[in-house]
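Report on the structure given below.
The values are calculated or read from the model by the stated rules, or taken from the named source; none is laboratory data. These numbers were taken from a predicted model, which means no experiment stands behind them. Virtual Cβ from ideal backbone geometry, glycine too; neighbours counted across all protein chains shown.
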Amino acid sequence: MLSFIRPYRWHFIGGLILLFFGSLTFMAFPYLAGELADVATGTSKLGMDLNQIGLILIVILLLQGVMSYLRVIWFAVVSEKGVADVRSSIYQKLIGLPVYFFERNRVGDLTSRISEDVNRLSSVFSNTLAELIRQVLILITGIVFLMVTTPRLSLTMLATFPVIVVGAMFFGRYVRNLSRSRQKSLANTNTVVEETLQNINTVKAFTNETFEYNRYKTEMGHVVKTSLQLAKYRAAFATFIIVVLFGVIFFILWYGAKMVQDHTMTIGQLVSFISYTAIIGAAIGSLGNFYTEIVTALGGTERIREILNETVEVNVPVVVNRPKVKGHIRFEDVYFEYPSRPDMPVLRGIDLDILPGQKIALVGQSGSGKSTIASLLMRLYPWQKGQITLDGIDINTMDLSAYRSVYAIVPQEVLLFGGTIRENILYGHPGASEDELMAAARTSNSLDFIQSFPDGFDTIVGERGIKLSGGQRQRIAIARAVLRNPAVLILDEATSSLDAESEKVVQEALERLLEGRTAIIIAHRLATIRNVDCIYVLEDGKIVEKGTHDQLSLHEEGLYAALAKLQFDI
Ligand SMILES: Nc1ncnc2c1ncn2[C@@H]1O[C@H](COP(=O)(O)OP(=O)(O)O)[C@@H](O)[C@H]1O
Ligand SMILES: [Mg+2]
C-alpha cells in the first residue's frame with residue numbers, strides 16, 4: 001500500500017516534518033506552564049518574568065496554527081490522491097479480469113471493496129497515521145523530558161507500559177478478525193440492494209418485496225451483531241486503558257504532592273509534571289484507538305490486495321491493432337467445462353469448420369452448449385482440450401484484445417448503458433464520425449425510430465430516460481455491430497425474444513449486417529436459418545448432425561427434422 005503513497009512522498013514527508021516540529025513546540029507548553037507557576041511563587045531559576053513567558057507562549061501559538069494548517073492540507077493531498085490511485089488501480093484491475101472472475105465474486109462485494117475498504121484506508125492516511133505519529137512523538141519527548149527532570153516519578157509511570165502493549169496485542173487480534181467479517185456482511189447487504197434494485201420489475205412481478213426485505217434485514221442483523229461484538233472489544237480495551245491510566249495519574253498526584261511537601265520539588269515542577277503526564281496519558285489512550293483503526297484498515301487492505309493480486313487477461317490501458325483476417329474458423333475436438341462447475345462437461349468434442357464468408361447456424365435444445373461455443377470463440381473461458389484456430393492460427397497465441405476486435409456479437413438480451421442512444425451506438429467504434437453513425441443507424445433500420453424521439457440521437461436510454469422496446473434495443477445493438485465492422489459476426493438468438501413484426505425489421509437489418517462476413521448464427525427459430533451454408537445440430541455438448549436445411553430435412557429420423565416438425569406445426 002505504501003507504493004501508492006510514493007508519488008506524493010514530498011507532501012507526506014513535509015507533513016511529517018511539520019508534525020514533528022508541531023509536536024515539539026506543543027511539548028514546550030507544559031514546561032512553560034510550570035515556569036509560570038514558579039515565577040509567580042518566586043522559585044524560578046530561569047530569570048524570566050511573566051511577560052516574557054507570555055510572549056513565548058504567543059509565538060508558540062502562532063507557529064502551531066500555521067504548522068497544523070499546512071500539515072492537514074498536505075496530508076489531505078497525500079490521502080486523497082493516494083486513495084484515488086488505489087481506486088483507479090482496483091478498477092483498472094477489475095475491468096481487465098476475465099469473466100469467470102465475476103462468476104466467482106458478487107458485484108456488491110466488489111463495489112464495497114472499492115468504496116468501503118478504500119474509505120478506511122483513506123481515513124488512515126488523512127488522519128489516523130498523522131495522529132498516531134504525533135502521539136508517539138508526544139509520548140517520546142514527554143517521557144524523555146520527564147526522565148531528565150523527575151526520574152523517580154517517571155519510572156513508576158513507565159512500569160505500566162508493558163501491560164498496555166500486551167493488552168493491545170491481545171485485543172488487536174480479535175478486532176482484526178471481527179472487522180473482516182463485518183466488512184463481509186456489509187458487502188452482502190450491498191449485494192442484496194444492488195441485485196433487487198437492478199431487477200426491480202421481477203421483484204414486483206413476483207410480489208417478493210417482503211422476501212427481499214427480510215433477506216436484507218437478516219444480512220443487516222449480521223452486520224449489527226458483528227459490529228456490536230467489535231464495539232464490545234473496543235469498549236473493553238478503552239476501559240482497560242482508562243483504568244490503568246487514571247490509577248497511575250492518581251498515584252503520581254499523591255506522590256508528587258508528598259515531594260512538594262518535602263521540598264524535593266517545586267510547585268511549578270509538579271504542575272509541568274502533571275501536565276506532561278496528562279498529555280502522555282491521553283497519547284497512550286488514543287494509541288489504542290488508532291491501533292484498532294489501523295488494524296481494521298489492514299483487514300480492508302487484505303481484501304483490496306486480493307483483487308490487486310488477481311491475474312488480468314487484458315492489461316488496461318490496451319492498444320488494439322485490429323488484425324486483417326479472412327475469417328476461417330476451426331474447432332478441433334474441443335472439450336470444455338465451466339470453471340465454476342468443474343466435472344460437468346458442457347462441450348464434448350466439438351468440431352467445426354467455417355470457411356471465410358460462410359454463414360453457419362448452431363441449433364439445438366436450450367442448454368445444449370450453443371452460447372458456450374460462442375464464448376469460447378471469444379476466449380471468455382479457457383477450454384480443457386482441443387484447439388480453436390482462426391485462419392489456421394491457434395487463437396490462444398494471438399493478442400487477446402486484437403483477437404477479440406475481429407468479432408461483434410448481437411445477443412438475445414441487449415443491455416444498453418445508461419447514456420444516450422448516440423453513446424450506445426458509438427460503443428461499437430468510439431471514434432466513428434457523424435456520417436458513419438447515421439449510416440449505421442440507417443443500415444440497422446433504427447434511424448426512423450431514433451428520429452421520432454424529440455431528442456433524436458441524444459435521447460437518454462435506460463435509467464431516467466425512455467425505455468426502448470426489445471426490437472429497438474436489438475436494432476441499436478445491430479447499429480453498434482455495423483459501426484464495429486467485424487470480420488466475424490456472432491448472432492446469439494438475436495431475434496428470439498421479438499414479436500413477428502419487429503423480428504421482420506430486425507431480420508432485414510441483420511441480413512445487411514451479415515453481407516460479406518463470416519457468421520455464426522445461433523437460432524431458436526429455424527425459419528431464420530434456412531439459407532445458411534451449414535447447420536450444426538447440438539445435443540448435450542456434441543454435434544449430432546450437420547448439413548444444409550434441405551439435407552437435414554430429408555433425414556427424417558434426425559433431431560433437426562424433429563425440431564423442424566415441432567416448430568412448423570405450431
Ligand atoms: N457461466 C456458466 N457457468 C456454469 N455453467 C454454465 C454457464 N453458462 C452456461 N452454463 C451451463 O452450460 C450448459 C450450456 O449452456 P449454453 O451454452 O448457454 O446453452 P445454450 O446456449 O445452448 O442454451 C448449460 O447446462 C448451462 O447450465
Ligand atoms: Mg444460449
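Miscellaneous remarks
- Test: residue in the range 296-310 that is over 30 Å from Tyr91 (Cβ atoms) and part of a helix (DSSP H, G or I): no
- Tabulated pairs, the range 55-81, first more than 12 Å from Phe29 (Cβ to Cβ), second at pLDDT below 90 and not in a helix (DSSP H, G or I), C-beta under 8 angstrom, 6+ apart or interchain: Val78/Ile5
- Top-ranked residue in the range 338-353 [being touching a residue at least 24 places away in the same chain (Cβ under 8 Å) and among the aliphatic types (A, V, I, L, M); ranked as farthest from ligand 1 (Cβ to nearest atom)]: Leu352
- Identity of the residue in the range 459-499, free of Cβ contacts under 8 Å to residues at least 60 places away in the same chain and among the basic types (Lys, Arg), that ends up farthest from ligand 2 (Cβ to nearest atom): Arg464
- Qualifying residues in the range 326-382 (those that are outside any strand (DSSP E or B) and among the basic types (Lys, Arg)) - the one farthest from ligand 2 (Cβ to nearest atom): Lys326
- Of all residues in the range 384-425, those satisfying the criterion of being over 29 Å from the mean Cα position of the chain (by Cα) and hydroxyl-bearing (Ser, Thr, Tyr) are Thr389, Thr397.
- Residue list for the range 354-369, filter: within 12 Å of ligand 1 (Cβ to nearest atom) and surrounded by fewer than 22 Cβ atoms within 10 Å (Cβ to Cβ): Gln365, Ser366, Gly367
- Filter pass, Val314 being away from ligand 1 (no atom under 16 Å from the Cβ), among the hydrophobic types (A, V, I, L, M, F, W, C), outside the structural domain of Ile252 (by TED's automatic domain parsing) and over 30 Å from Ala235 (Cα atoms): yes
- Checklist (1) more than 16 Å from ligand 2 (Cβ to nearest atom); (2) of a type in the set (A, V, I, L, M, F, W, C); (3) in contact with a helix residue (DSSP H, G or I) (Cβ under 8 Å, 6 or more places away or on another chain) applied to Ala402, failing item: (3)
- Test for Asp492: is it in the same structural domain as Thr372 (by TED's automatic domain parsing), touching a strand residue (DSSP E or B) at 6+ places or on another chain (Cβ under 9 Å) and more than 16 Å from ligand 1 (Cβ to nearest atom): no
- In the range 458-490, residue surrounded by the most Cβ atoms within 10 Å (Cβ to Cβ) [restricted to those that are assigned to a helix (DSSP H, G or I) and over 32 Å from the mean Cα position of the chain (by Cα)]: Arg475
- Helices (runs of 4 or more DSSP H) fully within the range 390-457 that include at least 1 residues being polar (S, T, N, Q), in the same structural domain as Gln472 (by TED's automatic domain parsing) and more than 30 Å from Phe331 (Cα to Cα): 421-426, 434-443, 447-452.
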